Amino acid sequence: MLAEDLRIAVVVGHSEGSRSEAHAVDGIGEWEFQSKVADDAVRYLKARRAQVQLWSRKKGQSLQKVIREVNKFKAHFAVELHFNSITPPAAGTEGLFWPTSAAGAALAWQLAQDVNRVVAVQGARLPRAVGQVRSWNAEKGTPPIFDARGIQQPNGPWLEFLRDTTMPAVLLETHFGNHRLQHALAMLRRDDGTLGRAVALSLLAYGQKL
Ligand SMILES: [Zn+2]
């Protein structure tokens, strides 16, 4: 599909002043970090004449309302931007998708690979399948269990985006905020616009195949 025919939804994970978000080693939270990434990505997508809409929640605004609006917008696909944090620190990029969505998996592969190229750290400890895609383990039932680290978060509010959107959707963890080196790199790439551009280019690359 041509860029100008694409309808793309970009959502900033969490909300302003959110208590559910992770904070990086320098104290920046996911919402603040990804707000700039999302702005840059959207500007780039608009320059390519894609039909793109951005959602970023102020304090107290509900994710369900955003999801309803994304569905109404009839996006061809949607991405919600986050960063991860695990102990001990690992580094990489992760794309999460709903287990029954093959298109979601394909979009997750695209995004995780493209974004990882921008924030990859040599020799870092990797969570399983990093730089690629981690999926929900369908065998373990729905709501699913996070397969890579055995973290169980049934009904985690951040799952709603994957579950309730009506188009292929990916929750993208661009990097690990508590990995010093990867976060420093991600900050550089964010600040100079490289990260937002990588997200945009990746979305266009996926859209081109539709
Ligand atoms: Zn998050």
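Check the stretch 96-107 and report whether any residue there is under 16 Å from His14 (Cα atoms) and in contact with a strand residue (DSSP E or B) (Cβ under 6 Å, 6 or more places away or on another chain).
Keep residues of the stretch 96-107 that are under 16 Å from His14 (Cα atoms), which gives 96.
Right, trim to in contact with a strand residue (DSSP E or B) (Cβ under 6 Å, 6 or more places away or on another chain) and you get 96.
Yes, that holds for at least one residue.
Identification of strands (runs of 3 or more DSSP E) wholly contained in the stretch 1-102 with 3 or more residues that are away from the ligand (no atom under 16 Å from the Cβ), closer than 25 Å to Thr194 by Cα and touching a residue at least 12 places away in the same chain (Cβ under 8 Å) yields 7-15, 51-57. Being over 21 Å from Ala124 (Cβ atoms), touching a helix residue (DSSP H, G or I) at 6+ places or on another chain (Cβ under 6 Å) and surrounded by fewer than 24 Cβ atoms within 10 Å (Cβ to Cβ) is not true of Gly207. Flag: Ser101 matches the condition of being modelled with pLDDT under 85 and buried (at least 17 other Cβ atoms within 10 Å of the Cβ).
The values are calculated or read from the model by the stated rules, or taken from the named source; none is laboratory data. Nothing here was measured: the structure is a model prediction, and the numbers come from that model. A quick note on method: Cβ atoms are made from the backbone with ideal geometry, for glycine too, and the neighbour counts reach across all protein chains shown.
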